[in-house]
Amino acid sequence: MTEPLLSVRDLKTQFFTEDGTVRAVDGISFDVYEGEIVGLVGESGAGKSVATSSILRLVDSPGEIVGGEIEFKGETIFGLEEDDAGELRPRDEMLSESEMRERIRGREIAIIFQDPMESLNPVFTVGGQLREFIEINRDLGADEAKEEAIDMLREVGIPAPESRYDEYPHQFSGGMRQRVLIAMALACEPDLIIADEPTTALDVTVEGEILEMVTELQEKYDTSFIWVTHDMSVVAEICDRVNVMYLGEIIEQAEVDDLFYDTKHPYTSALLDSMPRPDRTVDELRPIQGVMPEAINPPAGCRFHSRCPEAREVCREVHPELRDLSEEGEPVHTAACVKHDAFDVGYDESRSIETQATGGFSAGLTETGGEAE
Ligand SMILES: Nc1ncnc2c1ncn2[C@@H]1O[C@H](COP(=O)(O)OP(=O)(O)OP(=O)(O)O)[C@@H](O)[C@H]1O
Ligand code: NI
């Protein structure tokens, strides 16, 4: 197998707040290979955005990447080592802040956010902003950059790009603005585009059109994507491989078809049951029970046990690491759930517990779990 374009290993990012340490990203590992769209999916607060800002080293105080490694095209975006005194310090080969700013962000790794108005300036024309961005990042002259900007607008499906070039962001619809941001992201021909819920605020039809366009552009440019979403139907539509996040951890990792048709983690099943599907009526939708606990004090054992319909006593005690559960010769499919035989921690013999998913107990009672033994 070829080397991954991006490799994230045991990444940990925390926020040091007055209330305590928020373990927003708590030891995640995943790879992105050339030309694939990798999903990062999970409910609000799972740590998806913190994970992506960590990859760009854009985590601000009181947040900090406290551990792990991020390698991109053989270079170290993040990595620590112990010095002679046993203190952790950045490795020598770690890219400097100016290298990140001037060479990596925007050029080699582009990012698209949910709200295009965060990235577009309302007082300048759309075309002007795109042209300036191309001028700066690709060292082109103004005329050439303008031509390129119009081409890019056409490429992302803006009708009559020559005349729309001179319009202001507020004259564009939400979907059109998001297309402009995709044009901006593609303009520098980056190797990787990180898309953080770019279609979440749009209506389903517009979202569908944009996802279709991205799929086409992805094939044309062979760009890799990390696609952040809380929506499994978006995953189904666009991703090649998926990482499911829960409370700072990745709990299942698989190719998209395997994730949908051979689901291994109860949280993934719950996410899938909560999403509309063509083969089900709306009445059959089952929202995930309970709320995600705080990332300041994650529950012991499996972090999902307080909401899991299949939880047993052992789930309160054993904190499962991701394990590959695929058959020999099959693509890797990892999950962090002890109900699978591969974990061999006595799940079958363990007694079922009541959780928010089975009814009966409040979040407080199941999380402390004191009366179990
Ligand atoms: N600046 C901050 N200070 C303190 N905690 C933070 C900060 N930013 C994020 N967090 C916490 O980190 C955790 C992960 O947040 P993150 O924004 O990554 O979630 P997410 O999966 O992107 O959710 P959403 O779908 O709502 O965007 C949450 O518990 C959040 O409260
Ligand atoms: Ni987010």
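Looking at the range 206-233, which of its residues are more than 25 Å from Cys188 (Cβ to Cβ) and touching a Leu at 6+ places or on another chain (Cβ under 7 Å)? Listed by number, the list holds a single entry, Met232. Flag set for Thr52, criterion: in a helix (DSSP H, G or I), within 16 Å of ligand 2 (Cβ to nearest atom), within 20 Å of Met245 (Cβ to Cβ) and out of contact with any Pro (no Cβ under 7 Å at 6 or more places or on another chain).
Exactly one residue out of Val244, Val235 is buried (at least 17 other Cβ atoms within 10 Å of the Cβ), under 22 Å from Glu36 (Cα atoms), touching a helix residue (DSSP H, G or I) at 6+ places or on another chain (Cβ under 6 Å) and aliphatic (A, V, I, L, M), and it is Val244. Of the set (1) within 16 Å of ligand 1 (Cβ to nearest atom); (2) of a type in the set (Asp, Glu); (3) in contact (Cβ under 8 Å) with a residue 24 or more places away in the chain, all apply to Asp60 but (3).
Per the listing Glu102, Glu82, Glu118, the residue uniquely surrounded by fewer than 17 Cβ atoms within 10 Å (Cβ to Cβ) and over 25 Å from Ile182 (Cβ atoms) is Glu82.
Results for (1) in a strand (DSSP E or B); (2) within 16 Å of ligand 1 (Cβ to nearest atom); (3) under 23 Å from Cys239 (Cα atoms), shown as yes or no for each residue.
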{"position": "Val25", "(1), (2), (3)": "yes, yes, yes"}
{"position": "Gly35", "(1), (2), (3)": "no, no, yes"}
{"position": "Gly68", "(1), (2), (3)": "yes, yes, no"}
{"position": "Ile77", "(1), (2), (3)": "yes, no, no"}
{"position": "Met117", "(1), (2), (3)": "no, no, no"}
{"position": "Gly127", "(1), (2), (3)": "no, no, no"}
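With respect to being crowded, with 17+ Cβ neighbours inside 10 Å, in a loop (DSSP other than H, G, I, E, B), under 14 Å from the mean Cα position of the chain (by Cα) and not aliphatic (A, V, I, L, M), Gly45 fits the description. Number of residues in the range 155-185 that are more than 23 Å from Thr200 (Cα to Cα) and either touching a residue at least 24 places away in the same chain (Cβ under 8 Å) or surrounded by 14 or more Cβ atoms within 10 Å (Cβ to Cβ) (or both) equals 5.
Readers should treat all values here as calculations from the given coordinates under stated rules, not as data from a laboratory. Computed from a prediction, not measured in an experiment: that's the story for all the values here. Cβ coordinates were reconstructed from backbone atoms using ideal geometry, including for glycine residues, and neighbour counts include every protein chain displayed.
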